[in-house]
Amino acid sequence: MTPSIETDGSPRGRGAGLGGRPWARVAFVIVVLGLAFLVSRGCQQSQVRITKEQAIATAEDEVSFDPTRTQVRLLRQGLDSQPFWVVSLSIPTDQASRFRRLAVVRIDANTGEVADVRQPRPARAP
């Protein structure tokens, strides 16, 4: 004898979840679309739209000297990994690791806005 299973005709027999509730399905679709929109906005803000060359030109406009050395690196900062170009402009001295002039300019790689300019005091001769 095979055992029989009785059902009461409730929506549970058709599958769990949003079975017989049309408003729940609509709400679910709206939530998924909302999340997709938020993720896409976040991705747009983390794009690199400014080129390395544009970042160098912007950084050179921010300082009052003509650098002889330039170093550029792309860094992502913060929880949302916002991209920044960090441009180091310098005029080195004859001594190792000393600079006559030095500036570090941080530029938003998405918008091109200058976020920070740091220029330490020039090194004194010993």
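The numbers here are math on the coordinates, done by the rules we state, and not lab data. Just so we're clear, the structure is a prediction, and the values are computed from it rather than from any experiment. Cβ: placed from backbone, ideal geometry, glycine included. Neighbour counts: every protein chain shown.
Working note: Cα gyration tensor of the stretch 24-111, eigenvalues times five, square-rooted, sorted largest first, giving semi-axes of 42, 11, 7 Å. Estimated at 0.36 nm per residue, the fully extended path between residue 68 and residue 26 surpasses their Cα-Cα distance by 8.9 nm.
Given the Cα-Cα distance of residue 76 and residue 95 and 0.36 nm per residue of separation, how much length would full extension add, in nm?
Full extension of this stretch gives 3.6 nm more.
With a ≥ b ≥ c taken as the square roots of the eigenvalues of the C-alpha gyration tensor of the stretch 61-126, please select rounded if a/c is under 1.5 and otherwise prolate if a/b is larger than b/c or oblate if it is not? Cα axes put the stretch 61-126 in the prolate bin.
Kindly rank 28-39, 97-108, 55-66 from highest to lowest mean number of other beta carbons found within 10 Å of each residue. Walk me through the intermediate numbers first.
Working: 28-39: 10.2, 97-108: 18.4, 55-66: 15.5.
The peptides rank, most packed first, as 97-108, 55-66, 28-39.
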